[in-house]
Amino acid sequence: MSTTRFVQLLDLAAGLVLVTSFAALWLRRLVTVTWVIALQGVALAAVALVIGAYEHETELVLIALMVGVLRGVVLPGLILRAVRAGDEHREVESLINVPAALLAASGLTLVAYATTRDVVALSSTPQVRALPLGIAVMLIGMLLIVTRRKAVLQIMGVLMLDNGIALVMFLGTSGVPLAVELGIASDVLLAMFILQVLTTRIRTKFGGTDLDQLRELRD
Amino acid sequence: MVGAALAVAAVAAAAAMIAGAVLPARSRVVWVGVCTALCATAGGAAATAVLTGSSTFQANFPNLFPLGGVRIEFDALSAIFSLATAIVAVPAAIYGIGYSAHGPSSRTVQIAWPLLVWSVMMVPAAGSVTGLIAFWELMALSSLVLVLAEHHHNVEARSAAQWYAAMTHLSLLAIVLALVVLAHQAGGDSFTAVRAGAGDLSPATASVVFLLSLVGFGAKAGVVPLHVWLPRAHPEAPSHVSAMMSGAMVALGVYGLVRVGWDLLGGGPTWWGAVVLAIGLASAMFGILHALLSSDLKRLLAYSTTENMGLVFIGVGAAGMFAPSGNRSLASVALAASMLLVINHAAFKGLLFLGAGSILSATGTRDLDRLGGLARRMPVTAATFAIGSLAIAALPPLNGFVSEWLLLQSLVHSLPSNAAVVAVAMPVAVAVVALTGGLAAATFVKAFGTTFLAMPRSVEAGQAHESPRTMQVGLVALSGVCVALALAPTALTSPLRRVSAAVGGLADGAPIRTNGVYLQLSGIQAGLSPLLLATGLAVLMIAVLAVVRRGRLHRTVRDIPAWGCGRTVQTARMEYTATSFAEPLQRVFDDVLHPEIDIDVDHHVESRHYVQAIRYRMKIRDGFEHRLYLPLLAVARRWGDGARRIQNGSIHRYLAYSLITLITVLVVSR
């Protein structure tokens, strides 16, 4: 693979990760958002795959396949089940409207670029130049958690946050040992399970997972 | 010997706490009382040994706490305060057996009580910064638990405990700051190291340390304007605890001030003394005025504690003003007056609080306007309360007189002074002490008269019975101490000399010389013989009694009212009440106290010319509380409300906080 092709593919994949996170803020149907998250997982796997292929590291390619299965299929599948199980409205309910959310996400992307300037200046490899994208996805994931009402969207936000972290990891360190990635993946899986169980329990107990209504539970 | 006694005290306190934890209610009270009394006796024995011998006691427990460990240094200054503690603690512990049997006998209270006694005893014995803070905090916490002892049926106790907890911990903060700065600058934790290193402190640092310790220890002593907790907390505690808190615990504020200001720091400029003196004058006046107008017996006693601590501060402040100008022997006399007052105050205030406890448990009320006529029903309480009242009013021949006389002598004889501030301050101080003495006499005439004389003003007062034997033992023992201190203060001359020697920055030499009967002050042409004075008074009294009796025997015509002018029956409603007794003096001080007075007049239904009932209510607000503390509290509350808006329970908001924090960290640490 030539270097030009590598840079193009890497930028495409990493850009796709960012674009999907914007799309997750923009779209209104819960099921579609889940598909977008799955697409983001695949894009993340593609980033790892491209880096692995370019540097001829079979271990990274292996990790990329695993990430693709886990973040592109298994975790979105779990979320989809949660979405389908809920007989509540399948619409996204947000504290701020879509244009505001997109504007905030753009702001966060700028913050990510501004704060990582020094890191990017350290090295001129294409991976490091794409590093701010990872930070931006992390921040947008947190924005999703903060602004959405349904608990299932909080789960998606956590997943997006973790995708951002993984992206930074791939881009910044050009591959971590398999054991570390395995550990992180199983952690996320576990967190997903716990969150899903919790959501189901909240729903059966209080009849809905609107976080603003859970406010009554304090004191 | 001293070490052994202190060890016995510690073991006895531990035994008392274990007894309080494991024994069943009835025997618990007895064993806790006995072991606590033993603990206090052992502490008193250690103090006496140090005060009569010339040795001091030191011990090190390096592993008791991390870093510093605890060091015990028992010198004469420690001993005089531990002795004051023992004087009130032993009778109070015995009294507590009877008092707790029908009152606060819960496990918590019975564990906290010996802990309080022991920690009050050990605070002066601490010889390192860590040790002092540890015992101080132990004392603060155990007394806080005891203030809350009766919170079940007493709502007041809860707010009192809140005030007490807040004030005592703010004062601890000031003390810790002062001591930590001191230890850091001196490069050592033990008092010996601090004393050695304090000479290198810059005057500004030394003054900051002094002012911090003045705030911290002044709050514990309950002096103006840090007194607000005292008239709340002391009345709400069980009475033997009140006696302990008022008689011994507040005096440790004085101990701390003298220890840090004039022992560890080695004294300072004249204005240190002037500040202490000014606080003392304000406290004495403020305390006694509020005591005079209070109609709650225990509240009255608590305000009188503020007054007495004010007097002690006057003595310490005067000594602190004399010492820098070179008049060391006069400073010794002023310091001796303060220390004697601490001892005397422990005896008579302890006695009066125990007496108030007897009245409270016999009648169920502390309201002076509902008492009366108890002298016949509670003769022992009445007699001992009378002795305490005479002592606290500083009337000869009782013990309060000796210390107040010493204080006045030291103030008066400073007058041909070359320092302008001394020449201005001392006449004012003399005037305030004299006025305070007069008002104290009026206060305790009121307290004794309305409680014990005349007719009972309520059913409960009419059905009162004398308290149980153990409580009487406590009362009689403390009045015995008062009388002994009155007749033989000469016994304290050599202890007071040792205390003077221990406070290096303030005094030197013997403040008082004695030949067994006669007290002679050093550097002043003044002397007093309490024993001769008492004998003279006794002879005079017997003579007057004899003449009166003789006159009665020889009189054959008796006066009987002819028609009585309508006053054929005397009822309790015709008597002076506590409020009405103090009313003329309240008018005199109207401009200072600003009392709120309500008069409700109910008219007869059929004619407005006939009055059916008149109600008179007088309430005096604490000026400091009203002008200083409540605005501060209001500001704090506004801040608290603001904080509540941040913390409103919305999960989104909490999540947003973490997002904002993350972004801030990213931007700042870039």
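Provide a list, ordered by number, of residues in region A:108-134 showing at least 10 Å² less accessible area with every protein chain present than when their chain is taken on its own, using a 1.4 Å probe.
Those are A:L108, A:V111, A:A114, A:T115, A:R117, A:D118, which lose 10 Å² or more relative to the chain on its own.
With an 8 Å Cα cut-off and a minimum separation of 6 or more residues, compute the relative contact order for chain A in percent.
Answer for chain A is 22 percent.
Of the heavy-atom accessible surface of region B:168-263 (probe 1.4 angstrom), what whole percent is carbon and sulfur?
71
Enumerate the residues in region A:16-44 having an amide nitrogen under 18 Å from the point lying 7 Å beyond the Cα of A:Y113 toward its Cβ.
Within reach of a label on A:Y113, which here means backbone N under 18 Å from a point 7 Å along Cα→Cβ, region A:16-44 contributes A:16-23.
Leaving out ligands, DNA and RNA, what percent of the accessible area of region B:586-670 is carbon and sulfur, probe 1.4 Å?
After summing per-atom areas, the C and S share lands at 59 percent.
Which ³J(HN,Hα) values, rounded to whole Hz and listed in residue order, are derived for region B:223-237 from phi using the Karplus coefficients 6.51, -1.76 and 1.60 in 6.51 cos²θ - 1.76 cosθ + 1.60 with θ = phi - 60°, glycine and proline given as x?
8, 4, x, 9, 8, 3, 6, 5, x, 8, 6, 4, x, 7, 6
Cross-link partners among lysines for A:K150, C-alpha distance below 26 Å, same-chain residues fewer than 8 apart left out?
Cross-link targets: A:K205.
Run lengths n ≥ 4 of DSSP H only: what is the helix-derived mean residue ellipticity at 222 nm for chain B, with -39500 (n - 2.57) per run over all residues, to the nearest 500?
Computed mean residue ellipticity for chain B: -22500 deg cm²/dmol.
How much net charge surrounds B:A198 when only other residues with a Cβ under 13 Å from its Cβ are counted (Lys, Arg +1; Asp, Glu -1)?
Residues close to B:A198 contribute a combined charge of 0.
Give the interface area between chains B and A as buried accessible surface, both sides summed, probe 1.4 Å, in Å² to the nearest 100.
1500
With a 10 Å cut-off between alpha carbons and a GNM built on chain A, which of A:V111, A:V180, A:V119 moves the most?
Taking springs between Cα atoms under 10 Å, the residue moving most is A:V180.
Positive end of the charge dipole of chain B (Lys, Arg +1 and Asp, Glu -1 on Cβ, about the Cα centre): tell me which of B:S190, B:S295, B:V342 has its Cα farthest that way.
Of the options given, the answer is B:S295.
If you look at just the Cα atoms of chain B, how large are its Rg and its Dmax in Å?
Gyration radius and largest Cα-Cα distance of chain B: 26.6, 109 Å.
In the neighborhood of B:P238, defined by Cβ-to-Cβ distances under 12 Å, what is the net charge if each Lys or Arg adds +1 and each Asp or Glu adds -1?
Charge balance near B:P238 sits at -1.
Using a cut-off of 15 Å between beta-carbons, work out the net charge of the residues near A:V98 (Lys and Arg +1, Asp and Glu -1, A:V98 not included).
Neighbourhood net charge equals +2.
Give the average, rounded to an integer, of partner chain Cβ atoms located within 10 angstrom of each Cβ in B:647-654.
Partner-chain Cβ atoms within 10 Å, mean over residues of B:647-654: 5.
How large is the accessible surface per residue of the protein assembly as shown, computed with a 1.4 Å probe and reported in Å² as a whole number?
That works out to 43 Å² per residue.
How many partner chain Cβ atoms sit within 10 Å of a residue's Cβ in peptide A:64-75, on average, as a whole number?
Counting Cβ atoms of other protein chains within 10 Å of each residue's Cβ and averaging gives 0.
Express the carbon and sulfur contribution to the solvent-accessible surface of region A:3-217 as a percent, rounded to the nearest whole number, probe 1.4 angstrom.
The nonpolar share, carbon plus sulfur, comes to 68 percent.
Whole-Hz ³J(HN,Hα) for each residue in region B:658-668, computed from phi via Karplus 6.51 cos²θ - 1.76 cosθ + 1.60 with θ = phi - 60°, x for glycine and proline: what do you get?
Couplings: 5, 5, 4, 4, 4, 5, 4, 4, 4, 5, 5 Hz.
The values are calculated or read from the model by the stated rules, or taken from the named source; none is laboratory data. No experiment lies behind these values; they were computed from the predicted model shown. Cβ sites come from the backbone with ideal geometry, for glycine too, and all protein chains shown count toward neighbours. Keep in mind that these areas ignore ligands, DNA and RNA; they rest on the heavy atoms of the full protein, side chains included. Shrake-Rupley method; radii C 1.70, N 1.55, O 1.52, S 1.80 Å.
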